[in-house]
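Read the structure below first, then the notes.
The values are calculated or read from the model by the stated rules, or taken from the named source; none is laboratory data. This is a predicted model, so every value here is computed, not measured. FYI the Cβ positions are ideal-geometry reconstructions off the backbone, even for glycines, and counts take in every protein chain you see.
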Amino acid sequence: MVLKKTKTIKERLIYVYLPSEDMVEHWKKKAQEAKMSLSKFVMEQVEGGIQREDDFVPRLELLKKIKELEEENQSLRQDNRRLGIVVDKLQEDLQVYRLQPFMDEKFQGIRKYEKGLIDLFRKKGFLKMDELWRELGVSPRNSDAVKAISRQLENLEHYGLIKKTYEGWRWSKK
């Protein structure tokens with residue numbers, strides 16, 4: 001930008017009408033904070049905006065992009081909900097599969113205990129029944145899962161690893 005001398009200062013003067021006196025005061029305060037005259041502050045802000053012109057996107061285009069992103073977001077939320085339902089179902093099926101040996105009273109062979117159950121007792125030491133179901137992700141309404149876990153608890157008690165109390169189960173530190 002080449003600076004040329006002008007005959008009068010009025011040749012370089014523009015008037016800007018702001019929507020409110022509050023905005024005028026706000027601009028003056030910002031200029032003062034930047035330790036600049038109001039003219040220099042406004043000029044730098046405008047020039048900065050012009051220099052960012054490459055990044056300028058018209059408002060209408062921005063609104064269109066926002067609408068597209070909102071629609072995409074909504075679609076992804078729906079997909080996420082559907083996938084969450086599928087994951088829950090698969091976890092439930094996996095839990096039934098793992099607990100199957102404990103549901104069959106005539107099962108013979110080695111039963112694999114729910115590792116999470118033993119780790120939970122080691123970590124917490126004591127668990128109330130409702131806390132146990134919540135921590136294992138087992139619905140108390142799922143009678144098969146409750147029955148299988150109860151059998152595991154009985155077996156762990158039989159081996160002396162846990163002890164049933166009035167309020168729940170306590171890990172025996174042997």
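Details
- Here residue 16 passes the criteria (1) outside any loop (DSSP other than H, G, I, E, B); (2) touching a residue at least 24 places away in the same chain (Cβ under 8 Å) except the one numbered (1).
- Residue tally, condition part of a helix (DSSP H, G or I) and of a type outside the set (Ser, Thr, Tyr), over region 120-162: 27
- Filtering region 58-102 to residues that are surrounded by fewer than 10 Cβ atoms within 10 Å (Cβ to Cβ) and at pLDDT below 80 leaves 58, 97.
- Only listed residue being assigned to a loop (DSSP other than H, G, I, E, B) and modelled with pLDDT under 70, chosen from 105, 53: 105
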